[in-house]
Amino acid sequence: MARILVIDDQKDIVQLVVKALELQNHNVTGLTSVLDLDKNSLPRFDLILLDIMLPDEDGIEILKKLRASGETKKIPVILVTAKSTELDKVKGLDIGADDY
């Protein structure tokens, strides 16, 4: 059972992803705003599913901060986004995403 954090600004997407992962027996926390994120709790997650287009802070900036921090540097991050150009993918992976 993995501990997964889902961050997406669309509530219906968060609910759908959380439910699907919980059905696979994962422990899932879903957020629609990075303002709700307790940065001290980040090291306890095994995986982060992160949207890029967030209203409070860009997902790319969040990823940069995660990769700069010692405790969260190694948590796998998958960018889940509607942005699908090759440039977007390269940028996300270059910054440190594990998948796009």
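When restricted to residues that are part of a strand (DSSP E or B) and either of a type in the set (Val, Ile, Thr) or open to solvent by 20 Å² or more (accessible area, probe 1.4 Å) (or both), segment 1-53 contains 12.
Identify all residues within segment 41-56 that are over 15 Å from ILE4 (Cα atoms) and either polar (S, T, N, Q) or modelled with pLDDT of 90 or more (or both); write none if there are none.
Residues satisfying the conditions are ILE52, MET53, LEU54.
Of all residues in segment 54-98, those being part of a helix (DSSP H, G or I) and either in contact with a His (Cβ under 8 Å, 6 or more places away or on another chain) or open to solvent by less than 20 Å² (accessible area, probe 1.4 Å) (or both) number 6.
The residue pairs whose first member lies in segment 9-25 and is free of Cβ contacts under 8 Å to residues at least 60 places away in the same chain, whose second member is charged (D, E, K, R), and whose beta carbons are closer than 6 Å, counting only pairs six or more residues apart or on different chains, are VAL14/ASP8.
The values are calculated or read from the model by the stated rules, or taken from the named source; none is laboratory data. Remember, it's a predicted structure, so these values are computed and weren't measured experimentally. Cβ atoms come from the backbone with ideal geometry, glycine included; neighbour counts cover every protein chain shown. Ligands, DNA and RNA are excluded from the accessible area calculation, which covers all protein heavy atoms including side chains. Shrake-Rupley method; radii C 1.70, N 1.55, O 1.52, S 1.80 Å.
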